[in-house]
Amino acid sequence: MGGPVVVLAGGTGGAKLARGMLDVAGDDLVVIANTADDAEAHGGHVSPDPDLCLFWLADRIDGRGWGLAGDSFRVMDALRALGRDVWFNLGDEDLAICLDRQARLQDGERLTDALAHLARSLGVRARVLPMSDGAVRTRVRAAGRWWDFQEFMIRHGGAGPVEDVRFEGAEAAAPPPEALDAIAAARAIVIGPSNPVISIRPILAVPGIPEALRAARAPVVAVSPIVDGAVLKGPTAAFMAWAGQPLSAAGIAALYGDLLDGVVCDERPAGLPVPALQTPTLMADAAGRLHVARETLRFAAGLAR
């Protein structure tokens, strides 16, 4: 079966898998990225998850795991010297990207088109699409108050327990036609090893996307973010606890429900309602990313829908 490989992605895990998929699918790769983490900062439109995917796909990711390799921070340093509270840190080139994106959006471009422009600028031929061109914003309740997502992660340190989660604007949002077309034409649809509550659920909260996944001819396979019974990075454990699910592949599958045709996990499959592939899922280097991508696509190809 021909068609693109579609990856639903958010955060580092999804971006790493997308980079592995690039080595397998090449130009046929389409990433649908979470945009509920987007924010306005320093006059620019920050789009963390799509940018993270693009920086990985361009082999420009910084060793910290975010931002562009070799970027400087002179503007942030100057703002601090002027007495500004710079809690949201952007490199100089990163800031230029965000300022350019803000200008494009103000000129009437869709976020889809602004991301396509950035992809071309970075030399990325795979497509990175937003889950919606409309504004959806994740808000988290913790420590007795509501936080914008970036404030929760940076100022509050992503600390649980999580009391509630909202995706403001989701009900009024719509996926770009390019995303729906990619899902309909896909040969495989992969939910990346991302935080299922704050990275993937916002995508699934956009009307039209769950329906498209259920109607797709391609199988939908999730890669579990749980490695050796733990989370490698980020507050997944706190959000899984809020969702009332165990920190396991079975807990991940329960959150995705009837959307799934299969699960890829490194743990011995137990209590899973769909077929599972047990294989090492640590993506510490290019070989690990390629392994997970190849095995996931091989597994998906064997699933009937």
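The values are calculated or read from the model by the stated rules, or taken from the named source; none is laboratory data. Quick caveat: nothing in here was measured; it's all calculated off a predicted structure. Methodologically, a virtual Cβ is constructed for each residue, glycine included, from the backbone with ideal geometry; neighbour enumeration extends over all protein chains shown.
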**OP:** Could you please find all residues in segment 150-198 being without any contact (Cβ under 8 Å) to a residue 60 or more places away in the chain, within 27 Å of ALA249 (Cα to Cα) and part of a loop (DSSP other than H, G, I, E, B)?
**Re:** GLY157
Original post:
How many residues are in a strand (DSSP E or B) and of a type in the set (A, V, I, L, M, F, W, C) when one looks only at segment 105-135?
Top reply: 2
**OP:** May I ask you to verify whether ALA103 is closer than 28 Å to GLY26 by Cα and over 15 Å from the mean Cα position of the chain (by Cα)?
**Re:** no
**OP:** Read through the list (1) farther than 23 Å from PRO130 by Cβ; (2) of a type in the set (D, E, K, R); (3) in a helix (DSSP H, G or I); (4) in contact with a helix residue (DSSP H, G or I) (Cβ under 9 Å, 6 or more places away or on another chain), then give the number of the only condition that ARG214 fails.
**Re:** (1)
Original post:
Where in segment 1-104 are the strands (runs of 3 or more DSSP E), entirely inside, with at least 1 residues that are over 17 Å from VAL292 (Cβ atoms)?
Top reply: 29-33, 39-41, 44-46
Original post:
Pairs under 6 Å by beta carbon, first residue among the polar types (S, T, N, Q) in segment 254-283, partner in a loop (DSSP other than H, G, I, E, B), six or more apart or different chains?
Top reply: GLN278/PRO269; THR281/ASP266
Original post:
Does ASP37 count as buried (at least 23 other Cβ atoms within 10 Å of the Cβ) and in contact with an Asp or Glu (Cβ under 7 Å, 6 or more places away or on another chain)?
Top reply: yes
Original post:
Out of the residues in segment 220-245 that are among the β-branched types (Val, Ile, Thr) and under 18 Å from VAL292 (Cα atoms), which is modelled with the lowest pLDDT?
Top reply: VAL231
Original post:
Assuming THR296 fulfils every condition listed in (1) surrounded by 15 or more Cβ atoms within 10 Å (Cβ to Cβ); (2) at pLDDT below 95 apart from one, which condition is it?
Top reply: (2)
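Of everything in segment 180-219, what is basic (Lys, Arg) and either at pLDDT below 95 or in contact with a strand residue (DSSP E or B) (Cβ under 9 Å, 6 or more places away or on another chain) (or both)? Give them in sequence order.
ARG187, ARG201, ARG214
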**OP:** Show the residue pairs that are 6+ apart or on different chains and have beta-carbon atoms under 6 Å apart, the first residue being within segment 202-217 and touching a residue at least 24 places away in the same chain (Cβ under 8 Å) and closer than 23 Å to ALA304 by Cα, the second being crowded, with 16+ Cβ neighbours inside 10 Å and polar (S, T, N, Q).
**Re:** none
Original post:
On the given criteria, is THR138 part of a helix (DSSP H, G or I), in contact (Cβ under 8 Å) with a residue 60 or more places away in the chain and among the polar types (S, T, N, Q)?
Top reply: no
Original post:
Could you say whether any residue in segment 55-65 is closer than 24 Å to ARG137 by Cβ, aliphatic (A, V, I, L, M), touching a Leu at 6+ places or on another chain (Cβ under 9 Å) and crowded, with 17+ Cβ neighbours inside 10 Å?
Top reply: no
Original post:
Is one or more of the residues making up segment 239-253 under 24 Å from ALA25 (Cβ atoms), surrounded by 20 or more Cβ atoms within 10 Å (Cβ to Cβ) and of a type in the set (Val, Ile, Thr)?
Top reply: yes
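Can you confirm whether segment 75-87 contains a residue that is under 24 Å from PRO202 (Cα atoms) and either modelled with pLDDT under 95 or of a type outside the set (Lys, Arg) (or both)?
Looking through segment 75-87, none of the residues is under 24 Å from PRO202 (Cα atoms) and either modelled with pLDDT under 95 or of a type outside the set (Lys, Arg) (or both).
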Original post:
Can you tell me which residues in segment 177-211 are surrounded by fewer than 24 Cβ atoms within 10 Å (Cβ to Cβ) and in contact with a Leu (Cβ under 6 Å, 6 or more places away or on another chain)?
Top reply: GLU178, PRO210
**OP:** Evaluate segment 266-283: report whether one residue or more is in a loop (DSSP other than H, G, I, E, B) and surrounded by 22 or more Cβ atoms within 10 Å (Cβ to Cβ).
**Re:** yes
